Amino acid sequence: MSLPQLSCLPSHEEGAGPVSCTSLFWAFFRIGLFTLGGGFAMATVMRHELVVKRRWLSEDEFISAMSTATAVPGAIAVNLAFLQGRRLRGKAGAAAATLGTVCPSFFVILLVAWFALPYFGNPRVAAFFKGCGIAVAGQIAYAGFTFARRLRRDWRNFTVVAFGLLIVGVGLHPVWTIIAAASLGYALFRGLAPTHPEDHDHL
Amino acid sequence: MHTLWLLFVSFALVGLGAYGGGLVAVPLIQHELVDHRAWLSVMEMSRIIAIAQMTPGPISVNAATFVGYRVWGVAGAIVATTAVVLPSLIILAVVSRVLDMTQTNPHVWRIRQGLQAGVLSLLLFSMWSYGRGVISDWPGLAVAAGAFALLMIPKRKIHPVLVIAVAGLVGLIIF
């Protein structure tokens with residue numbers, strides 16, 4: 001490809017050995033427990049834990065899974081956990097990662113339902129969570145930044161992004177953005193099949 | 001029909017329809033649980049959504065656990081939570097197998113290129129729609145910009161959770 005992709009982080013060390021299901025479970029448990037909101041906000045935390053801190057995945061592997069996770073129905077965070085777990089340790093890894101992500105939400109909600117419900121009306125608590133909630137917007141913006149940085153800056157990508165924005169911007173269901181992006185991509189990237197092995201997307 | 005089975009069906013539909021993440025699930029939950037099944041009032045639903053946003057995890061999963069618990073106790077919570085994630089995991093298991101087999105296929109590559117750019121549109125849109133929902137004034141915008149700036153600091157790699165906690169403390173002071 002003529003335009004280089006910027007790379008800011010090295011790939012995970014080769015030969016580090018497979019990640020155990022237990023450590024996968026706890027890594028995703030942490031991610032699930034410490035992310036306010038799911039989806040793209042959780043993608044920021046997941047990237048930090050898996051790509052930056054643990055070096056289990058390269059940035060490219062992470063980004064590639066993100067587009068699959070979004071293109072499929074369901075909570076993006078859960079889909080992303082499934083794909084990353086599967087990549088790191090097959091079916092068992094997918095199960096461990098998914099369970100690890102869902103468990104914290106499940107138990108926290110049960111705890112809230114049992115004990116904490118009255119506290120959510122407290123203005124101090126509300127002010128704290130308002131601050132947190134606003135920072136989540138910053139997290140989503142950062143996820144957008146790390147994602148955009150990996151895309152080639154050419155007219156094809158700009159066209160697809162602009163068209164996709166237009167679709168959700170006028171209030172259509174996001175599934176139409178995905179359908180349009182897939183069709184436009186198929187039409188626009190004709191004759192541009194990957195020439196280098198590293199151009200192949202990983203799952 | 002048994003309530004647990006109805007819970008399962010309702011949340012499987014929410015899980016399948018919750019497309020593009022986050023608050024997309026809200027109208028689906030309202031349709032299924034408030035309008036269709038009358039398990040919740042609108043007031044209860046908005047309270048649950050607010051709590052689902054303040055607690056860790058995807059909104060659809062949190063809402064499923066909460067509503068399941070309300071309707072049928074802990075068993076309901078387990079059934080609803082499983083139901084909300086199961087359909088997408090089954091689809092994903094099939095899709096990821098197919099993608100593995102077609103990794104070098106140029107047609108699939110073209111579609112995936114388009115999808116990547118499409119995901120960026122959804123990301124930008126969710127930034128706009130989420131941001132518009134939570135940011136109502138200049139101090140709010142300053143907090144969001146500050147959080148983004150902290151995450152952007154190269155080299156240091158501040159943990160995103162720390163950024164959220166700091167923003168919460170700032171919220172305690174200014175709101």
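The numbers here are math on the coordinates, done by the rules we state, and not lab data. Remember, predicted model here, so these are calculated numbers, not experimental data. Glycine gets a Cβ as well: all are built from the backbone with ideal geometry, and neighbour counts include every protein chain shown.
Structural remarks
- Computed E for B:Asp35/B:Gln103 - FRET, C-beta separation, R0 35 angstrom, nearest 0.05: 0.20
- Derived scalar couplings ³J(HN,Hα) [segment A:166-172; Karplus, 6.51 cos²θ - 1.76 cosθ + 1.60; whole Hz; x for Gly, Pro]: 4, 4, 6, x, 8, x, 6
- Debye, to nearest 20: dipole size of the protein assembly as shown, +1 on Lys, Arg Cβ, -1 on Asp, Glu Cβ: 400 debye
- Debye log10 I(q)/I(0) at q = 0.11, 0.14 Å⁻¹ for segment B:17-130, Cα point scatterers: -0.48, -0.71
- Kirkwood Rh (inverse of mean 1/r, distinct Cα pairs), the protein assembly as shown, angstrom: 20.9 Å
- Selected from A:Ala81, A:Ala126, A:Leu24, residue furthest toward positive end of dipole (segment A:21-150; charges at beta carbon): A:Leu24
- 0 to 90° range, to nearest 10: angle between helix A:174-188 axis and chain A longest Cα axis: 20 degrees
- Computed from point charges on the beta carbon alone (+1 for Lys and Arg, -1 for Asp and Glu), the dipole magnitude for chain B about its Cα centre is near 500 Debye.
- Both radii come from the Cα set of segment B:87-163: Rg as radius of gyration, Rh as Kirkwood radius; their ratio Rg/Rh reads 1.15.
- Peptide A:39-50 is shielded by partner chain Cβ atoms: per residue, an average of 5 of them sit within 10 Å of its Cβ.
- For the pair A:Val170 and B:Lys155, label points projected 7 Å from Cα toward Cβ lie 4.8 nm apart.
- Axial C-alpha extent at least 20 Å, average Kyte-Doolittle at least 0.5 - helices from chain B (DSSP): B:3-17, B:59-101, B:138-152, B:160-174
- Cβ-based net charge around A:Leu184, under 13 Å, with every Lys or Arg adding one and every Asp or Glu removing one: +4
- Modelled FRET efficiency - R0 30 Å, B:Asp137 with B:Met43, Cβ distances, 0.05 increments: 0.70
- Over segment A:21-150, the pair-distance histogram of Cα-Cα distances with 5 Å bins from zero comes to 2, 11, 19, 23, 19, 12, 8, 5, 2, 0 percent, rounded to whole numbers.
- Column: log10 I(q)/I(0), Debye, Cα scatterers of segment B:135-175, q = 0.16, 0.24, 0.25, 0.31 Å⁻¹: -0.39, -0.79, -0.84, -1.08
- Loop trypsin sites (Lys or Arg not before Pro), segment B:108-169, which have at most 14 other Cβ atoms in a 10 Å radius of their Cβ (DSSP): B:Lys155, B:Arg156, B:Lys157
- Dipole axis of the protein assembly as shown (+1 Lys, Arg; -1 Asp, Glu on Cβ), positive-most option in B:Trp138, B:Leu150, B:Ile59: B:Leu150
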